[in-house]
Amino acid sequence: MTVAQLIEELTRMPSDAVVLMESGGGLSLVSALDFVAGQGPAAPAEVILLPNMNE
C-alpha cells in the first residue's frame, strides 16, 4: 500500500476513530510514524507505523 492509497482509505473513516495495528496476536494503538528514505537505486521510501509501547 502506498501513502496515497492509505490516505484515500483513511478519508472514508470518521476523523475521531483511533488507528490500531495488529501486533503479536493483539491490537496496539499507532503512536507515531517513521520515514525511511529509499536505500538504493530502485528502493522505495518507506513509512513505518510505530505502536504505542505503553500499553
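Data for the structure
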read-out: Placed amide H near residue 31: partners under 5 Å, 5+ positions off or other chain; value: 50, 52
read-out: Sulfur and carbon atoms: percent of accessible area, the chain [1.4 Å]; value: 60
read-out: Student exercise, the chain dipole from Lys, Arg, Asp, Glu Cβ charges, in Debye to nearest 20; value: 60
read-out: Structure-derived Cα extents along the principal axes in Å: which label, when the choices are (1) 37, 27, 18; (2) 42, 15, 12; (3) 45, 22, 18; value: (1)
read-out: Computed [θ] at 222 nm, helices only, for the chain once each DSSP H run of length n ≥ 4 contributes -39500 (n - 2.57); value: -4000 deg cm²/dmol
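The values are calculated or read from the model by the stated rules, or taken from the named source; none is laboratory data. The structure displayed is predicted, hence computed values, not measured ones. Virtual Cβ from ideal backbone geometry, glycine too; neighbours counted across all protein chains shown. Note: areas computed on protein heavy atoms with side chains; ligands, DNA, RNA excluded. Shrake-Rupley method; radii C 1.70, N 1.55, O 1.52, S 1.80 Å.
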